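To start, the structure under review is shown below, and the notes come after it.
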Amino acid sequence: MVMQNSDEEENEEAAAAAAAAAYNEARQKAPPPMVPAGPHQRAITKFSDVPTQSAKSVSESEDGSGDDMIEADGQEKPSLVSRISATLRVPTGNAVAAAESSTVSEIGKNGKSLNSIQSDVTEDGIIFDLLKLVENWKENLMASRAYQLSLWAWESTRINIYFYTICHILTLVTIVLILKFAIGAHAPNIVYYNLIHAVAGFLGKVSFAYGLRATQLISKEFTARNLIKRGKGVSLTSIAHPVPLVKLNSDEGKTLRYLFIFALALVEANVWYLGIAMEWVPIESQLGIFPCTPIHFRKKPTFFNDLGNYLQGNSDLSMIYSYGLPLGDGLLGGLAAWPLEIAASSFTIDHPGIGFAVNSVCGDLRVAENGTENGLTQFRILQTEVWSTLFSAAILVQMPAGSHNWEEHANQDIVQECMVRYIMGDADVGFSFVADEWGGVVGSTLQSVVVAGMPAIKRGKSAEIYFGRIQDAFSKDDKHEEITRWVIEATGLVLNDTSYGASQGALFANLFQWATLPDGYYHTDITWKGMAAVMAMIAHHVLLQYDDSETSTCTYTGMSGSGDIHAPDYVVVLTISAVLICLVAELSQLFWWFLLSGGGEKQDRAARLLENPMQLLYDMRAGGSEIMGEMPGEDQSSSAVKRHYEDVVVRFGESRQTRPNPVGMLILGQPGEVMAMNDKREYI
């Protein structure tokens with residue numbers, strides 16, 4: 001059966017050899033090509049015509065010998081490639097010739113590029129020279145003094161402790177500087193707020209990382225010192241079982257270490273909360289200096305007899321800030337200039353101008369003797385007194401039945417007498433304006449008033465000021481007596497024997513609207529506010545009758561993207577306190593380490609095995625199996641392994657066996673096999 005199979009294989013091989021011979025003969029006798037070869041034919045020809053090893057050499061290189069290619073009778077056996085080729089269809093003569101001509105041209109083109117690439121990587125090529133230059137540069141760098149010094153500093157635990165400690169202290173100082181100079185500062189753009197917010201959060205993380213690394217190094221250095229100094233050795237668990245965060249938790253300075261880690265967490269928590277509590281407060285900034293019309297008068301203005309009705313209609317869509325800032329017992333108003341330029345949709349002009357203050361006090365209520373005609377609110381001036389720029393007036397106001405909140409006399413008219421005082425003087429006034437897209441500009445609200453000898457009175461803070469302080473500041477100024485007389489004249493037109501409609505639910509304009517509440521009724525406990533508002537409306541109207549024949553330049557301010565960075569004071573105090581606690585704990589820890597150890601080359605060598613597991617295995621080369629021992633029992637859990645190695649003690653130093661030799665060997669072994677290192681000996 002075996003002989004029969006052998007004969008069949010010989011017949012198949014002979015047939016394959018005959019097919020290969022026929023294929024080669026057809027290629028040699030093929031006529032010139034009549035049509036161009038297709039792309040697939042060129043591809044086949046390329047691979048067949050590229051100079052390669054013969055099938056025989058391939059077989060020899062793969063098997064290691066050519067014995068398998070020789071039959072028993074000594075004749076050469078057809079290769080495997082030849083037998084496979086014989087089974088393929090023999091291409092036509094035209095295709096073979098076309099493929100040959102195409103292949104010659106392709107090999108000619110590609111040969112140059114291959115030769116060029118090969119020449120670049122030879123010893124005379126550009127790439128080889130570049131690689132050689134890089135290697136020489138690396139050798140020179142590693143042999144340089146600077147590299148050796150840097151490597152020594154990198155491997156020195158003492159240098160690393162100082163480095164991370166200094167970096168951490170600088171980080172803490174930076175956090176304090178941000179709290180001092182950034183919080184509460186003015187920034188031109190919200191980008192600065194975002195940057196400070198991000199930097200503060202980043203510094204909190206960096207502080208924790210640097211501080212934790214410093215305390216880890218100190219603990220590791222203490223452990224390395226114990227490995228060297230303690231003749232009885234240290235527990236293997238203390239160097240092989242790291243504690244979370246601290247890693248090697250030596251007994252020396254453990255309390256300070258825990259206090260310092262707590263302070264690190266406290267700093268990080270406070271900085272994190274600071275980032276939450278920080279806020280961006282948009283404020284006005286200077287938009288530029290543009291033309292304006294300052295408030296000045298050349299002649300007396302003309303007032304119409306129905307001035308009260310005009311003011312009543314004009315106040316319908318106004319706020320109290322349109323006429324003045326509320327004082328504790330009145331109003332403070334003024335005007336400085338009118339804009340001639342639209343700097344923004346909303347802007348403020350700060351300029352020297354004229355300010356005024358109004359005080360109002362209203363007395364007890366009583367029922368009116370006569371009812372009002374047609375249910376109107378009536379006013380009558382009882383008395384007026386003038387002193388330069390200060391005047392006072394007693395004004396009686398009668399509120400019709402059904403318009404007030406005195407429930408006992410809801411169906412009767414009531415009267416209330418009010419005493420008002422008015423004074424005027426120079427002031428720096430900040431007044432805001434609103435512009436629309438059609439170019440219209442209207443006065444909006446009063447923002448601030450600065451009176452000589454007083455701090456700036458701003459909106460939202462003005463209620464803390466009372467009329468008496470303003471009167472004292474304005475009493476030194478008497479150059480606006482003429483304007484004061486005009487205000488008195490306008491007051492007579494508006495409030496002397498006049499009557500106005502009492503609004504119910506803001507159905508129509510009401511001159512006395514600030515004596516009402518949203519329910520639409522007059523509230524007798526705030527009548528003084530309504531009277532002060534009417535006087536401020538009159539004074540503001542008089543100032544608006546300025547002469548516009550002169551122009552000047554004014555400072556325009558508005559919202560241009562700038563703002564202030566704010567944070568609660570208690571958050572700043574807590575963060576600074578945490579930083580101080582952290583700094584004290586860190587310096588105490590560093591000082592304690594400096595007194596007990598201070599570092600050195602011996603500790604650095606011992607610390608290297610604590611940091612690098614490969615170094616630890618190397619230093620245990622002379623007795624690691626004796627140190628480890630076998631665990632009794634079947635419990636192989638992590639806790640069991642830890643308990644086993646707590647009783648195993650080791651020491652780092654010179655092997656006792658190499659003491660007689662000129663060069664000693666440093667090992668980590670049992671205390672009886674390890675001797676103390678000598679500074680005068682060399683070690684490997």
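The values are calculated or read from the model by the stated rules, or taken from the named source; none is laboratory data. Just so it is clear, the model here is predicted, and its values are computed rather than measured. We place every Cβ from the backbone using ideal geometry, glycine too, and count neighbours over all the protein chains shown. Only protein heavy atoms, including side chains, enter the accessible area calculation; ligands, DNA and RNA are left aside. Shrake-Rupley method; radii C 1.70, N 1.55, O 1.52, S 1.80 Å.
Regarding region 536-684, what whole-number volume in Å³ per residue does the convex hull of its Cα atoms give?
Cα-based convex hull of region 536-684, divided per residue, equals 353 Å³.
Can you give me the relative contact order of region 216-372 as a percent, contacts being Cα pairs under 8 Å and 6 or more apart?
Relative CO of region 216-372 lands at 17 percent.
If you put +1 on each Lys and Arg Cβ and -1 on each Asp and Glu Cβ, how big is the dipole of region 462-609 around its Cα centre, in Debye rounded to 20?
On the way: 8 positive and 18 negative charges, 192 e Å.
The dipole of region 462-609 has a size of about 920 debye.
Using a Förster distance of 60 Å, how high is the FRET efficiency between residue 194 and residue 618, based on the Cβ-Cβ distance and rounded to 0.05?
Step by step, r from the Cβ atoms, then E = 0.75.
Please list, in order, the residues from region 279-319 whose amide nitrogen is less than 17 Å from a point placed 7 Å along the Cα→Cβ vector of residue 374.
Counting backbone N atoms under 17 Å from the label point, the list is 305-313.
What residue among 494, 514, 462 has its Cα farthest toward the positive end of the dipole of region 458-549, where the charges are +1 on Lys, Arg and -1 on Asp, Glu, each on the Cβ?
Value: 462.
Can you list the HN-Hα couplings for region 151-156, worked out from phi with the Karplus curve (6.51, -1.76, 1.60; θ = phi - 60°), rounded to whole Hz and with x for Gly and Pro?
5, 5, 5, 5, 8, 7
Loop-only check: which chymotrypsin sites (Phe, Trp or Tyr not before Pro) in region 250-349 are DSSP coil with at most 13 other Cβ within 10 angstrom?
Taking region 250-349 and a limit of 13 other Cβ atoms within 10 Å, the loop chymotrypsin sites (Phe, Trp or Tyr not before Pro) found are 304.
Tally up the carbon and sulfur contribution to the accessible surface of region 565-684 as a whole percent, 1.4 Å probe, everything protein left in place.
Carbon plus sulfur share of accessible area: 59 percent.
Cα centroid distance between region 324-370 and region 552-611, in Å?
50
Beyond 22 Å between alpha-carbons counts as too far, so tell me which of 205/247; 461/529; 229/254; 138/220; 602/680 fall in that bin.
138/220
Would you mind calculating the gained length between residue 387 and residue 496 on full extension (0.36 nm times residue separation, minus the Cα-Cα distance), in nm to one decimal? Don't jump to the answer; show the numbers that get you there.
Working: separation 109, 0.36 × 109 = 39.24 nm, distance 2.03 nm.
The residue 387-residue 496 span can extend by a further 37.2 nm.
Just how large is the dipole of region 463-506 about the Cα centre, in debye to the nearest 20, putting +1 at every Lys and Arg Cβ and -1 at every Asp and Glu Cβ?
100
Averaged over all directions, how much area does the convex hull of the C-alpha atoms of region 174-227 cover when projected, in nm²?
Details: hull surface 16.4 nm².
Mean shadow area of the hull around the Cα atoms is 4.1 nm².
Just the accessible area per residue of region 351-422, please: how many Å² with a 1.4 Å probe? Write out the running numbers ahead of the final one.
Numbers: 3420 Å² over 72 residues.
Solvent-accessible surface per residue comes out at 48 Å².
Count charges around residue 663 for me, please; just the other residues with Cβ under 14 Å from its Cβ, Lys/Arg as +1, Asp/Glu as -1.
Neighbour charge sum, excluding residue 663 itself: +1.
Would you kindly compute the Cα radius of gyration of region 316-470 and its largest Cα-Cα separation (Dmax), both in Å?
19.1, 56
Quote the FRET efficiency, to the nearest 0.05, computed for residue 566 versus residue 595 with a Förster distance R0 of 51 Å and r equal to the Cβ-Cβ distance. Intermediate values should be presented prior to the final figure.
Details: r = 45 Å, r/R0 = 0.88.
Efficiency, rounded to the nearest 0.05: 0.70.
Roughly how many percent of the accessible protein surface of region 295-355 is carbon and sulfur, given a 1.4 Å probe and a whole-percent answer?
51
What is the dipole size for region 176-300, taken about its Cα centre, with +1 at each Lys and Arg Cβ and -1 at each Asp and Glu Cβ, in debye to the nearest 20?
260
Among 168, 186, 301, which residue has its Cα positioned farthest towards the positive end of the charge dipole of region 164-319, with +1 placed on the Cβ of Lys and Arg, -1 on the Cβ of Asp and Glu, and the dipole taken about the Cα centre?
Among 168, 186, 301, the one farthest towards the positive end of the dipole of region 164-319 is 168.
Which percent of the accessible heavy-atom area of region 126-262 goes to carbon and sulfur, probe 1.4 angstrom?
Details: 5600 of 8000 Å².
It is 70 percent, rounded to a whole number.
For every other residue with a beta carbon closer than 13 angstrom to the beta carbon of residue 386, add +1 if it is Lys or Arg and -1 if Asp or Glu, then tell me the sum.
-3
Report the local net charge at residue 681: Lys and Arg +1, Asp and Glu -1, summed over other residues whose C-beta lies under 14 Å from its C-beta.
Residues close to residue 681 contribute a combined charge of +1.
Please report the spacing between the Cα centers of region 250-297 and region 438-505 in Å, no decimals.
Cα centres, region 250-297 to region 438-505: 39 Å.
Sort region 213-321 into rounded, prolate or oblate with this rule: let a ≥ b ≥ c be the square roots of the eigenvalues of the Cα gyration tensor; rounded if a/c is under 1.5, and if a/c is not under 1.5, prolate when a/b is larger than b/c, oblate otherwise.
It comes out prolate by the Cα gyration axes.
Starting at 0 and stepping by 5 Å, how many percent of the alpha carbon pairs of region 270-312 end up in each bin?
Calculated P(r), rounded to whole percents: 5, 11, 8, 9, 10, 8, 9, 10, 7, 6, 7, 6, 4, 1.
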